[in-house]
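The values are calculated or read from the model by the stated rules, or taken from the named source; none is laboratory data. This structure is a prediction, so every number in the text was calculated from the model and none was measured. Heads up, the Cβs are rebuilt from the backbone with ideal geometry, glycines too, and the neighbour counts pull from every protein chain shown.
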Amino acid sequence: MKRILIFLAALTTAFAAEALEVTQNMQTTIGIFDACEQSLTYKFVGNKYDMKTRLTTTGTFGKLYPFTGAYHAYGTYNKDKFVPEDYGYEVQSRRHHRTKQLTYKDGVPQTRIKVRDGRVLEEPALVELDRLDDSIDLLSLFGVLTEQVVRADTCDLHRYSFNGKKYSLSDMKTVGHEDIKTPYFAGNALKCEYMLEIQNGASAGFLLNQKVPIYLWILRDKTANAPFVAKVEAEKTPFGKLESYTTSIEVKK
């Protein structure tokens, strides 16, 4: 469950234009259940990127799986060359409180620092040298996707995400453009297909470990022309269809 929530958080922090601050709110349902709400704030200013997101399970999922998570990544970028400076998160479940930080030096992962219920574990990042130039943390990876959407209106991407210990392969491709109408937004959207391939025993969580494509529909804000994810959909999960909608968006220059 946690992996799909992190994934949705990453997706919805992915789309902003340069020199803008964007705040976006989403609601997610799985089958007949309310699943989670997300609050997102992210910036692309000059050559700096900064992404923050917070999500909380709601409804039946909130009772069965109470979970709150806050995630943060920042660094510098130049087109598709993103250099992370820090990545971390803080999560609270029914029984545990955890934090994790992945430190960098010149964009290279250095140390994983984990704290679980007050117990601290610090260890070197397990970097595979042959993937060093083609991997990045998950939030920064979607920053790369951001730049592509803003610059070229394409979401074609084939790249690894790395959490300091294990790798996953993100494969996204442009499907085309499609007119959509959600309960909150409507327009001609860029449609993208996302597939996640787990590497070397990393866990996707039971909602993502199915090799089922996840689709995104990306619209543009009418005021600043900033792209944002209007809708996310996965046809099959153990609990039914997953749908996530942006309910509101605020753009600041």
Restricting to the range 115-135, count the residues that are crowded, with 16+ Cβ neighbours inside 10 Å, in a strand (DSSP E or B) and modelled with pLDDT of 85 or more. 0
Of Val91, Val108, Val83, the only residue that is over 28 Å from Tyr245 (Cβ atoms) and buried (at least 16 other Cβ atoms within 10 Å of the Cβ) is Val83
Identify all residues within the range 84-114 that are more than 29 Å from Tyr65 (Cα to Cα) and in a strand (DSSP E or B); write none if there are none. Pro84, Glu85, Thr103, Tyr104, Lys105, Val108, Pro109, Gln110, Thr111
When you look at Leu138, is it in contact (Cβ under 8 Å) with a residue 12 or more places away in the chain and either surrounded by 15 or more Cβ atoms within 10 Å (Cβ to Cβ) or within 13 Å of Asn163 (Cβ to Cβ) (or both), yes or no? yes
Residues of the range 216-246 being of a type in the set (Gly, Ala, Ser), modelled with pLDDT under 90 and not in a loop (DSSP other than H, G, I, E, B), which ones? Ala234
